[in-house]
Amino acid sequence: MPEILTIRDDFDPSAPMKEAAMFYGLFLRGHSAEALRRDIDVPKTVLQKWMRPRRHEQDFRENLRRVYCYRKQVLAIFDELVTSERARARLQ
């Protein structure tokens with residue numbers, strides 16, 4: 001019988017940093033930080049909308065919460081990278 005991995009079993013702890021770095025690369029190539037933030041973020045209202053339907057199983061809703069937290073992590077890392085770049089640019 002094949003081994004089934006859960007999301008937690010195969011989670012790469014550096015994944016949020018790698019994803020934030022990808023978005024940061026787009027920022028450095030001239031994409032708007034605000035547009036990228038909108039692409040990264042999941043607004044709380046969207047999470048609430050996802051949670052409303054009771055037809056979803058509890059495990060699925062828990063996965064949605066994890067996605068929400070993950071996206072917030074990526075956004076925080078991206079914001080830190082952008083802030084650091086802007087501060088570095090001002091010092092030059």
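The values are calculated or read from the model by the stated rules, or taken from the named source; none is laboratory data. Only a predicted model underlies this, so the values are computations on that prediction, with no experimental measurement involved. All Cβ positions, even for glycine, are placed from backbone atoms using ideal geometry, and neighbour counts span all protein chains on display.
Counting just the residues of the stretch 49-62 that are surrounded by fewer than 13 Cβ atoms within 10 Å (Cβ to Cβ) and in a helix (DSSP H, G or I), which one comes out modelled with the lowest pLDDT? Residue satisfying both the conditions and the ranking: Gln58.
For the condition touching a residue at least 40 places away in the same chain (Cβ under 8 Å), assigned to a helix (DSSP H, G or I) and within 21 Å of Pro13 (Cα to Cα), Val74 qualifies. In the stretch 25-39 there is at least one residue that is touching a residue at least 40 places away in the same chain (Cβ under 8 Å) and surrounded by fewer than 13 Cβ atoms within 10 Å (Cβ to Cβ). For the stretch 43-89, the tally of residues that are within 15 Å of Tyr24 (Cβ to Cβ) and not hydrophobic (A, V, I, L, M, F, W, C) stands at 8.
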